[in-house]
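Engineer: One structure is given below, represented as structure tokens, and several questions about it will come after.
The values are calculated or read from the model by the stated rules, or taken from the named source; none is laboratory data. For clarity, every value in this text was computed on a predicted model and none was experimentally measured. Don't worry about glycine lacking a Cβ; one is built from the backbone with ideal geometry, like all the others, and counts go over all protein chains shown. Quick note on the areas: whole protein, heavy atoms, side chains included, nothing else; ligands and nucleic acids left out. Shrake-Rupley method; radii C 1.70, N 1.55, O 1.52, S 1.80 Å.
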Amino acid sequence: MRLYLVRRTRSFIKTHYAETDTTNGRKFLTFSDGSKSYFPERIPKKVQYAFNPKDPKDQYAQLYSPQIVDIINGLVLPRYGLQIYLNQKPLTQPSKEEELLMQNLSKAGHRLMGFCRTNLFKRLESSGYSFLLSLSRHILRNYLFVYALQNHLPLPIGKNISQNLDEYLEDSDTDSEGESENHLRLILSEETYLQKAKELYELFASDNFRKRFDWIRSEFFTNSLQKHLIDDSNDIIRILQIGKNWNPDEDRQLNALHELITQTHGKEKVLVFTQFADTAYYLTEQLKKRGLKQVESVTGDNENPTALAQRFSPRSNQKTDVVGPSQELRVLITTDVLSEGQNLQDAHVILNYDLPWAIIRLIQRAGRVDRIGQKAEQIFCYSFLPEDGIEAIINLRRRLTQRIEENANVVGSDETFFDGDPVNLADLYNEKSGILDGEEEETEVDLASLA
């Protein structure tokens with residue numbers, strides 16, 4: 001493909017095409033109309049928030065405790081390894097459709113289980129709110145299967161099982177009842193989850209939903225499936241008990257974000273990246289509650305992400321005649337749905353609310369505003385890091401990486417959930433210059449340009 005594609009890296013352009021301004025030493029390109037486009041400097045910066053592992057009231061310290069990590073590492077995650085629980089000598093013969101389903105189940109196995117565990121840890125790093133919400137959904141999906149198994153009903157299989165859950169996750173009888181409306185309301189009893197699962201199962205089995213799933217009879221699975229689903233759920237409820245009083249007002253990371261947006265960069269456009277839609281919605285809702293105007297979120301659920309990108313960056317998208325001052329956004333909170341292919345260079349301040357595991361993701365995000373038309377001399381790329389908890393995150397990642405390597409050795413899988421070079425958290429913490437400039441290798445450059 002290199003024979004037919006034009007692909008030039010930023011560093012290649014700077015080295016071979018750019019000129020140097022003798023007055024300030026900055027690199028620039030000269031366009032056909034005589035105008036100059038300067039290359040901005042990418043400045044890594046950190047946003048620190050308090051993190052006290054010894055404070056029993058510290059919400060983040062509670063969730064980063066070794067107890068929580070051990071519980072997650074000990075989960076069996078049976079829904080992601082259903083082939084393990086298939087009865088080798090079923091009393092009835094499966095249909096052709098069920099035989100095909102069973103074959104597909106066997107192809108996933110340990111990789112899916114490892115992916116699920118990794119995803120839970122990533123959500124823990126993203127936001128306590130997203131983490132606890134994910135755990136509550138996980139239990140409800142477990143009990144959906146438990147309900148089917150207990151009543152000898154077929155199991156619904158498919159990605160749509162992740163949808164339509166949230167309306168079942170509020171429980172008027174939880175321990176959070178009577179607390180501030182800001183508290184995350186979590187279901188903490190098995191009986192309530194089972195009742196909610198019954199309602200959800202009836203919805204999925206209805207005429208409007210049934211065709212959205214594949215169905216397989218419960219008698220094809222061993223009794224240990226139900227036991228492991230319940231055991232996992234009980235362990236996760238222990239985590240929810242610890243984090244049940246999650247309060248956004250005391251969310252120190254969220255408070256640090258609010259301060260940076262309203263004070264440090266109170267008049268500038270700010271682009272906030274997060275890995276998860278739940279975190280994006282949470283931040284947007286909480287910032288609006290605190291009186292912030294001109295803020296919206298965009299995720300993969302948005303039908304038209306480009307429209308919000310244009311409201312945030314109307315000048316670089318040549319939409320100033322369409323986007324008026326009342327429609328223009330100052331703060332845009334987004335998942336990586338906007339990390340490629342959008343012009344967002346009206347801004348020069350980027351915030352990484354949670355940290356991806358690959359440095360390439362941070363470089364791509366910086367590239368959203370480091371484009372032709374960027375007028376700022378410097379692009380500020382903030383990363384959120386706990387003051388005293390950086391070692392906790394490093395240790396968490398080290399333990400998780402070690403577990404993945406151990407799993408690969410045991411089951412012979414090629415699990416690689418963290419593509420690209422891993423993020424060096426110490427470099428981000430020390431605001432090391434140059435780490436977000438991208439690779440200097442010229443192997444990505446097309447042959448014609450190289451010649």
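Engineer: State the number of residues belonging to segment 31-85 that are in contact with a helix residue (DSSP H, G or I) (Cβ under 8 Å, 6 or more places away or on another chain), open to solvent by 30 Å² or more (accessible area, probe 1.4 Å) and assigned to a strand (DSSP E or B).
Structural biologist: Residues that pass the stated criteria total 2.
Engineer: Considering segment 256-292 alone, what residues qualify as being farther than 13 Å from Asp354 by Cβ and hydroxyl-bearing (Ser, Thr, Tyr)?
Structural biologist: Thr262, Thr264, Tyr281, Thr284 - these are the residues of segment 256-292 that are farther than 13 Å from Asp354 by Cβ and hydroxyl-bearing (Ser, Thr, Tyr).
Engineer: Which of the residues that make up segment 193-221 are outside any loop (DSSP other than H, G, I, E, B), closer than 21 Å to Glu97 by Cβ and open to solvent by 70 Å² or more (accessible area, probe 1.4 Å)?
Structural biologist: Arg210, Lys211, Arg212, Asp214, Glu219
Engineer: Could you list all residues from segment 238-255 that are within 15 Å of Thr279 (Cα to Cα) and open to solvent by less than 10 Å² (accessible area, probe 1.4 Å)?
Structural biologist: If the condition is that a residue be within 15 Å of Thr279 (Cα to Cα) and open to solvent by less than 10 Å² (accessible area, probe 1.4 Å), then Trp246, Pro248, Asp251, Gln253, Leu254 are the ones that fit.
Engineer: Another question, if that's okay. Right, Gly25: at pLDDT 85 or above and on the phi > 0 side of the Ramachandran plot or not?
Structural biologist: Yes, satisfied.
Engineer: Only residues in segment 189-210 that are under 20 Å from Asn234 (Cα atoms) count as the first member; pair them with residues that are at pLDDT 95 or above and assigned to a loop (DSSP other than H, G, I, E, B), Cβ under 9 angstrom, at least 6 apart or cross-chain, and list the lot.
Structural biologist: Sorted first by the residue in segment 189-210, then by its partner, the pairs are Lys198/Asn151.
Engineer: Moving on to the next point. Which pairs do you get when a residue that is hydrophobic (A, V, I, L, M, F, W, C), found in segment 280-300, comes within reach of a residue that is open to solvent by 10 Å² or more (accessible area, probe 1.4 Å) and in a helix (DSSP H, G or I), reach meaning Cβ atoms under 6 angstrom, with the pair 6+ apart or on two chains?
Structural biologist: Val298/Pro305; Val298/Leu308
Engineer: Quick check on my filter: what residues within segment 256-305 are open to solvent by 50 Å² or more (accessible area, probe 1.4 Å) and either within 18 Å of Ala366 (Cα to Cα) or assigned to a strand (DSSP E or B) (or both)?
Structural biologist: Glu268, Glu296 - these are the residues of segment 256-305 that are open to solvent by 50 Å² or more (accessible area, probe 1.4 Å) and either within 18 Å of Ala366 (Cα to Cα) or assigned to a strand (DSSP E or B) (or both).
Engineer: Could you tell me whether segment 100-117 includes any residue that is touching a Cys at 6+ places or on another chain (Cβ under 8 Å) and not in a loop (DSSP other than H, G, I, E, B)?
Structural biologist: no
Engineer: Of all residues in segment 222-255, which are under 26 Å from Tyr353 (Cα atoms) and part of a loop (DSSP other than H, G, I, E, B)?
Structural biologist: Lys244, Asn245, Trp246, Asn247, Asp251
Engineer: Can you find a residue that is at positive phi and out of contact with any Pro (no Cβ under 9 Å at 6 or more places or on another chain) anywhere in segment 358-367?
Structural biologist: Among the residues of segment 358-367, not one is at positive phi and out of contact with any Pro (no Cβ under 9 Å at 6 or more places or on another chain), which makes the answer no.
Engineer: Identify, please: which residue in segment 91-132 is at pLDDT 90 or above and in contact with a Leu (Cβ under 7 Å, 6 or more places away or on another chain) and is, among those, most open to solvent (accessible area, probe 1.4 Å)?
Structural biologist: Tyr129
Engineer: With the condition being among the basic types (Lys, Arg) and either surrounded by 14 or more Cβ atoms within 10 Å (Cβ to Cβ) or at pLDDT 85 or above (or both), I'd like the helices (runs of 4 or more DSSP H) fully within segment 341-451 carrying at least 1 qualifying residues.
Structural biologist: Because the criterion is at least 1 residues that are among the basic types (Lys, Arg) and either surrounded by 14 or more Cβ atoms within 10 Å (Cβ to Cβ) or at pLDDT 85 or above (or both), the helices (runs of 4 or more DSSP H) in segment 341-451 that meet it are 359-367, 390-411.
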